[in-house]
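What follows is a short report on a single structure.
The values are calculated or read from the model by the stated rules, or taken from the named source; none is laboratory data. Given the structure is predicted, the values throughout are model-derived calculations rather than measurements. Using ideal geometry, Cβ is built from the backbone for each residue, glycine included, and neighbour counts are taken over all protein chains shown. For the accessible areas, the whole protein counts, side chains as well, though only heavy atoms, and no ligand, DNA or RNA atoms are used. Shrake-Rupley method; radii C 1.70, N 1.55, O 1.52, S 1.80 Å.
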Amino acid sequence: MKKVKKEDLDKLSYTDFVSLICEENRPSGGKFTIREIAKNSFITKDSKVLEIGCTNGFSSLEINKLTNCTVIGIDINENSVDNAKKRIAENGLDSSRISFEVGNAEELQFSDNEFDLIICGNAMSFVSNKSKAIEELKRVLKPNGFISIVPIWYKDIPDKNIIDKVNDELGFQINCTFEQDWNNYNKWNLELYYKKDYSFVKRAKADIERYVDNMIDNKPHLDIYNEEEKKVIKNRWERTMEVFNDNLSLTNFSIILLRKNLVKEEEELFIINQN
Ligand SMILES: C[S@@+](CC[C@H](N)C(=O)[O-])C[C@H]1O[C@@H](n2cnc3c(N)ncnc32)[C@H](O)[C@@H]1O
């Protein structure tokens, strides 16, 4: 990525900024979430996995490390895809089993019934036409294959003030969702196969400052920026992390697996109590 002028650093979109600093951009729950998805979707080294909105590659790299499955990560952000590609060799992974390409979830360049698992993380919140994207995911997913999503949802109606701040950081209007919004997949003909809910740990301001300092100071590719420019980069990321920290304390997230079940089953009456 070519050097961005100091005065433009704060004007970059959230996704361009994430690719500039090459931040991990984990799904909520990080490696724990990827392990749960891998275990509960039963993928093996023979499985073919697609990740939508892979950013700098975190989830695709991790799922390949865990299972040695074949994985393709796509993202509309070219710089993120370049970052992800570089990380294949850095992680000592086999490039015949993991690859990254620029792609749009709304128009996938893959054949019908190609993948055993499609990982979406929180990328669906960033996709403009979600219904179109879901139809595409279903098309390229094998019968009985899984789509995993990791949505973040509000516990109660949030204050407008915090939503405005999140929107300012992201550069687009977030869709405020609640738990019930993630319970009905009948409209897409997908079976809700697995769902587990988690909350976030709220971090202290000092933790955020330490994390930002360490992170930016340990990115050799950012050494093209002088100390003043690095300060601008740190300030922006710290501000974003503080807004996210406040926002996430109002939310929970779910790890969800949806199955492309071709047969509509009858309702189950005696369901288990999952406490
Ligand atoms: C929050 S990040 C995803 C982070 C992480 N991979 C996860 O699992 O939560 C959203 C990503 O989706 C990408 N994105 C947005 N619209 C997209 C689209 N239509 N198709 C593919 N990727 C898209 C963005 O460029 C960004 O890298």
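Let's see how each residue does on (1) open to solvent by less than 10 Å² (accessible area, probe 1.4 Å); (2) within 12 Å of the ligand (Cβ to nearest atom); (3) in contact with a His (Cβ under 8 Å, 6 or more places away or on another chain):
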residue	(1), (2), (3)
Leu12	no, no, no
Thr15	no, yes, no
Ile21	yes, no, no
Asn25	no, yes, no
Gly29	no, yes, no
Cys54	yes, yes, no
Lys65	no, no, no
Val71	yes, no, no
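Can you find a residue that is in a helix (DSSP H, G or I), closer than 29 Å to Ile149 by Cβ, open to solvent by 50 Å² or more (accessible area, probe 1.4 Å) and modelled with pLDDT of 95 or more anywhere in the range 246-263?
Initial filter on the range 246-263 (in a helix (DSSP H, G or I)): 246-248.
Next cut, closer than 29 Å to Ile149 by Cβ only: 246-248.
Restricting the remaining residues to those that are open to solvent by 50 Å² or more (accessible area, probe 1.4 Å) gives 246.
Now narrow it down to the ones that are modelled with pLDDT of 95 or more: 246.
Looking for residues that are in a helix (DSSP H, G or I), closer than 29 Å to Ile149 by Cβ, open to solvent by 50 Å² or more (accessible area, probe 1.4 Å) and modelled with pLDDT of 95 or more, one finds at least one in the range 246-263, hence yes.
Going by the structure shown, is Asp223 open to solvent by 70 Å² or more (accessible area, probe 1.4 Å) and in a helix (DSSP H, G or I)? So Asp223 passes the test.
Determine whether Phe200 is in contact with a Gly (Cβ under 7 Å, 6 or more places away or on another chain), open to solvent by 40 Å² or more (accessible area, probe 1.4 Å) and in contact (Cβ under 8 Å) with a residue 24 or more places away in the chain. Spell out the reasoning first.
Working: in contact with a Gly (Cβ under 7 Å, 6 or more places away or on another chain): no; open to solvent by 40 Å² or more (accessible area, probe 1.4 Å): yes; in contact (Cβ under 8 Å) with a residue 24 or more places away in the chain: yes.
Answer is no for this residue.
Out of curiosity, is Glu229 without any contact (Cβ under 8 Å) to a residue 60 or more places away in the chain and surrounded by 12 or more Cβ atoms within 10 Å (Cβ to Cβ)? Judged against the criteria, Glu229 is not a match. Every test in (1) in contact (Cβ under 8 Å) with a residue 60 or more places away in the chain; (2) closer than 20 Å to Ser125 by Cα; (3) within 20 Å of the chain's Cα centre (by Cα) is passed by Lys155 save one, and that test is (3).
Here the strands (runs of 3 or more DSSP E) wholly within the range 97-204 that include at least 3 residues being within 16 Å of the ligand (Cβ to nearest atom) and within 29 Å of Cys69 (Cα to Cα) are 98-102, 115-119, 141-149. Being touching a residue at least 12 places away in the same chain (Cβ under 8 Å) and open to solvent by 50 Å² or more (accessible area, probe 1.4 Å) is the filter here; which residues of the range 97-121 pass it? Within the range 97-121, Arg97, Glu101, Val102, Asn104, Glu107, Ser111, Asp112, Asn113 meet the criteria.
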